[in-house]
1. The range B:200-264 to the range A:219-296: how many Å between their Cα centroids?
2. With everything on Cα atoms, drop me the angle between helix B:204-225 and the longest principal axis of chain B, reported from 0 to 90° to the nearest 10.
3. Cα-Cα pairs above 23 Å in the range B:204-330: how many percent?
4. Would you work out the relative contact order for the range A:301-454, in percent, from Cα pairs under 8 angstrom that are 6 or more residues apart?
5. Just the Cα atoms of the protein assembly as shown: what Rg and Dmax do they give in Å?
6. Over 20 Å intervals from 0, what percent of Cα-Cα pairs in chain A sits in each interval?
7. Summarise the partner chain shielding of A:155-162 as one whole number: the mean count of Cβ atoms from other chains within 10 Å of each residue's Cβ.
8. At 0.36 nm per residue, minus the direct Cα-Cα distance, what do residue B:196 and residue B:93 gain on full extension? Give it in nm, one decimal, please.
């Protein structure tokens, strides 16, 4: 494989490679490289978050003490913010890049938001556990997660009065896609998920007296289906495999869907919904490496923040600043904008966001001042309030020593190949040519500031 | 220079009196010369419950369907014998009384989607549910009639689909200085100085460079044109107020911009709806109130039309959680000084004839509202923007 192809694989399946890693992998065959990617992601390591603070809030006291509950909520709010940092750090340092990439992908498929730290941590662990597993098991586990039960109002979904929120998103977003079910199907599905609830510690609990054990008619079938039965029935529909494959193609390959490629993916996926098998197929396919798929995806904000830091290790001395960056760039881990998640693609780019994105490398690496304002929206202001100040600088420790070690005997040309996957504009190429030959700090920042670096 | 552009420029330069008759065929040339009209579009995101906004306080079906969350007559502000404002909308009553507000009931489209995202896309792209377009209706307005990226501005960090056209986009900015300041301190200008046009904006790289070029031209324009006009200091501290304040400043500065876009989030009230909606409608009404007063002070209210919509209404029947689930047809507010049909444009559906889901059936297609605004207010042909034949509602 060429450098470009390997870096393409690693940007889509992970967060990019350093020049030396790229050099090393280029000596191996495609089969070995792809296999290695999966091997490295075999183990499942949950985010490591200390939850001992919960001991200070005994459940029986929380039930009766309103003030304690308020304190508990506030504490959870702070602890969940710490979890955000832990996740971000994980992305920057993990050797299990594929599992992390898949986890983030699924976090944007099974979109969920919850401020109870232990619950959202458990949810996140479920995401990474099943990230390369079986989609059916995955879906069943997700439907029983405390955070999901809260987020999509399953707790309010009772026999006497069903709440359709979960059932609708299950069909529309998680499985079949809009237009492949009727309103009646939603209502009947909702009945099957009645009584879903959870314990204080986040374990699933079915409240029998709120569950509707009656006959349901869904997708032309009739039976006393429960939630898991419904999931089995939905997955029998090939459209579910189509919908998931389209979403995976759009995220990992190209937002312009290729029906022929997707049909091939569906053939692999539909038989038993094995996610790892599907991803192996995608990364091994020759079309995955077609030129129209390389360097044409617009990086998400997290891709940018993580990508820069995987090239040069950075320590943010104030964690507040990582919140600020995520807020400014409009992608805050654990805080999706809505049930459909981050839209991705061109929607990352506006006149405004592009300015910030181009400036980002110098803000982080060269501590250049900036005058971007965080949005004052209700949603984010609960997470972080950024003062309306001009000309701020990030306080960061940049590990230039590590960078210098990593580029020993590396040419600017190779550095450029590691950083830029897209074609370079003719005029801009002239600008790059003027940089000279050294992979200096200055040149690194210059390359990362090119619009071309926004693509992977 | 293309002939069309040439004609445009000369006609602008020479002024109306000298425009030869043959040019009148170019209907898009006229508005420029006549006056500078603005359209402000506000999206209430999440699906506002229209029935608790314009309350049918004499309707038994309404009360029977909503035992816990129906609003009683004495808690509404009377609009006519059947309908009343939610009390949070008190500031809008003056607009209603003076004929500056038109409430269009039962607005929707055939075969309604109850998905936020799909229905928002339908509203933003002026599409039918069966074939949803990929470009926004304001974007297509820019494609046809836009000259500069700042012809349409969203006061936000991200740009809604509505403002994304096939060839042109509007811009997103939070204020007049943000773009300019950030431009000054970045290597943006240096990079752009080397750029050679070779890509199509449809490709992502071409799109990135085009956006950079748009940023640069808009940043300078906004920075130089917007002045700190004397704005009311009474804008409440809310997201929407902040956006309208900036729009007020832009309009009062005489920007060439034609369309402004703002959003208020949080209307997806599946549970405990009452308190939440009270608050949100209050935020909305108070923001509109100050905004309109500001525009009146500078006599720009007569040039401004405000359109407020939500992607769908909510189910007539409440749910168990004292909230409402996704519904269908809903009301739309049009605010302006020169409305031809103000007050209640049409009656609210009786609630006797609901669709299979128990939702209000649409009577007015939302695209006919766009069509009316494009034709009668912005005075351009809606052809190619609203791609279906719609009737002119004549409210303006």
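1. That distance is 41 Å.
2. 90 degrees
3. Summing the P(r) tail past 23 Å for the range B:204-330 gives 49 percent.
4. On the way: 141 pairs, mean separation 46.1, N = 154.
Relative contact order comes out at 30 percent.
5. Expressed in Å, the Cα Rg and Dmax of the protein assembly as shown come to 27.5, 84.
6. So the P(r) values, bin by bin, are 23, 54, 22, 2.
7. Whole-number average of other-chain Cβ neighbours for A:155-162 is 3.
8. Details: separation 103, 0.36 × 103 = 37.08 nm, distance 5.53 nm.
Extra length available between residue B:196 and residue B:93 comes to 31.5 nm.
Bear in mind these aren't lab numbers, they're just calculated from the coordinates by the rules spelled out. Everything numeric here is computed off the predicted structure, so don't read it as measured data. Don't worry about glycine lacking a Cβ; one is built from the backbone with ideal geometry, like all the others, and counts go over all protein chains shown.
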